[in-house]
Amino acid sequence: MTIHTLYLPDTGSANALEVIEILVKPGDAIAENQALLTLESDKATLDVPALLAGTLVALKVKVGDKIKTGDPIAELDSDAATTEQPSTTSTANDKKTKSDTPTTKLDDAATEIKKPSETPVAPVVTAPISIPVAASTPNSPISNSTASDSNTEVYAGPGVRRMARLLGVDLTRIQGSGDKGRINKNDIQVHIKTLIDQAQNGTSANKGFNLPHMPEVDFSLFGTVETQPLSRIKKLTAQNLSRNWLLAPHVTQFETSDITEMEAFRKSQAPIYDKQGLKLTPLIFIMKAVVHALQSAPTFNASLDASGENLILKKYFHIGIAVDTPNGLVVPVIRNVDQKSLTTLARELAEVSLKARAQKLSTQDMQGSSFTISSLGGIGGTAFTPIINLPNVAILGVSKATIQPQWNGKEFQPRLMLPLSLSYDHRVIDGAEAARFTITIAQALQDIRRLLL
Ligand code: COA
């Protein structure tokens, strides 16, 4: 039996390095070059290998210790002791053993701790050598390289790397929860659990689509950042929008409507209703024009059933209105728009907008729409592509009306033009139908007498 003291080889750093992980325990059979512990330098981890094979008798360091080249790290019982260094590090070793003081000192130390043995043993040389660096910088931006190749570029200890190798986990896809983004075993477990959950249930965004996982990126590597939790409404909206975007093949049809006459009428009436506290905005008229178009094209006032094989045509006209609130987007529903006057609609729109912004909408207030309108006309913009509010089959986006030159056959005239953007579910609606539908809305707004027909 021969007890050898293993010393910390040359780390290439004059500073003491912190022991951040111990990978072996007394009694373990140690193979030559097996990693014993991990040290952390500024932004890298270094694995410290055993230079001899044998059985680990004792550790001389613990996690948190700061150690320098030449410090004792472990005691090993090895009859296979050799004075040769691993070939990969022989150059560095040669230099050190020939000239450095620590070598001599280490030899002495090793001899001192030799246990009595009946068989004389050769003096043990465990001189400092350079340590192969096991990992590079932490939080490397996510790369697209393969798991086995790229795992060398992440910030993780050998135990974690071993676990990742065994489980086939690509460490570059994991955001480490440890100090400076270091990946630990728990991070791997959480990652695997997430993958299993996604595979079994699908996330709202990728169910049935088997979309690649969105890698996490540590943006703080590129500059100062601040993390702001999403509101409950934003999280729900995100889920619904992702689902709707993925499930329905969207096409958006654009149109403009000359609302010069409508606007003149609206402006003439507005002061009268202002006194009653009612605001006649263009949206009220647009709601009526939409219902007019829905009555002539029932497939737009419909939903696909769960099997996707039947269209359910609705005989009611409940219009969802996207309302912008400080906490995010909500879509309250105004019911039976076909049966209501412009002033009733104005009152109801004002009520639901207030309720929405006060976060007082009930679930019922937001259920049952057969078509949706999203108006950004009060804000601005020339056009946008709204996402269909499934199970509706279409949604009308409204942008800001502006004065545009229009050719009347003889001359250009300044007209108030309202941009419309109709996104529709191409599984249900054809392009020609969508073009006709949008034109019907545009014409109804152009001459609101049509709404009486
Ligand atoms: N073109 C030009 N001006 C318009 C307009 C349009 N298309 N639509 C509205 N306006 C004017 C209104 O007349 C009003 O002007 P006024 O105060 O001089 O009378 C002003 O813009 C503000 O209108 P607004 O208060 O927004 O009323 P509204 O009836 O048009 O809209 C809501 C009500 C609730 C829909 C609206 O406030 C809202 O929240 N819009 C955002 C919806 C959203 O976020 N959609 C995006 C979903 S992705």
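What follows is calculated from the coordinates using simple rules that are stated; it is not laboratory data. What you see is a predicted model, and the numbers here were worked out from it, not measured in a lab. With ideal geometry, Cβ positions are generated from the backbone for all residues, glycine too; neighbour counts draw on all protein chains shown.
Assorted remarks:
- With K and R counted +1 and D and E -1, the other residues having a Cβ less than 9 Å from that of Leu304 yield a net charge of -2.
- Sparse packing (at most 12 other Cβ atoms within 10 Å of the Cβ) combined with a DSSP loop state is found for the following trypsin sites (Lys or Arg not before Pro) in the stretch 391-429: Lys410, Arg427.
- Residue exposure sequence - Phe300, Phe222, Phe285 - by fewest surrounding Cβ within 10 Å: Phe222, Phe285, Phe300
- Estimated at 0.36 nm per residue, the fully extended path between Lys185 and Ala435 surpasses their Cα-Cα distance by 84.4 nm.
- Between Lys314 and Leu166, the contour length at 0.36 nm per residue exceeds the Cα-Cα span by 47.7 nm.
- Here r is the Cβ-Cβ distance between Gln413 and Val251 and R0 is 45 Å; the resulting FRET efficiency, rounded to 0.05, is 0.90.
- Charge tally around Leu349: other residues with Cβ under 13 Å, Lys/Arg +1 each, Asp/Glu -1 each, net +4.
- Residue order for Trp407, Trp245, fewest other beta carbons within 10 angstrom first, comes to Trp407, Trp245.
- Among residues other than Gln404 with Cβ under 10 Å from its Cβ, the summed charge is 0 (Lys and Arg +1, Asp and Glu -1).
- Cut-off 11 Å, label 7 Å out along Cα→Cβ of Arg427, residues of the stretch 248-283 by amide N: 248-250
- Each Cα pair under 8 Å and six or more residues apart adds its separation to the average, and for the stretch 320-453 the resulting relative contact order is 17 percent.
- Residue order for Ile319, Ile439, fewest other beta carbons within 10 angstrom first, comes to Ile439, Ile319.
- For trypsin sites (Lys or Arg not before Pro), the sites in the stretch 253-330 that DSSP calls loop and that have at most 12 other Cβ atoms within 10 Å are Lys275, Lys315.
- A simple spin-label model places the labels of Gln404 and Ile196 5.7 nm from each other, with each point 7 Å out along Cα-to-Cβ.
- Full-extension gain in nm, Gln295 to Thr281, via 0.36 nm per residue minus C-alpha separation: 2.8 nm
- Antiparallel bridge percentage (DSSP; both residues within the stretch 300-453; nearest 5): 75
- Distance (nanometres) between label positions extended 7 Å along Cα→Cβ at Lys25 and Tyr273: 7.7
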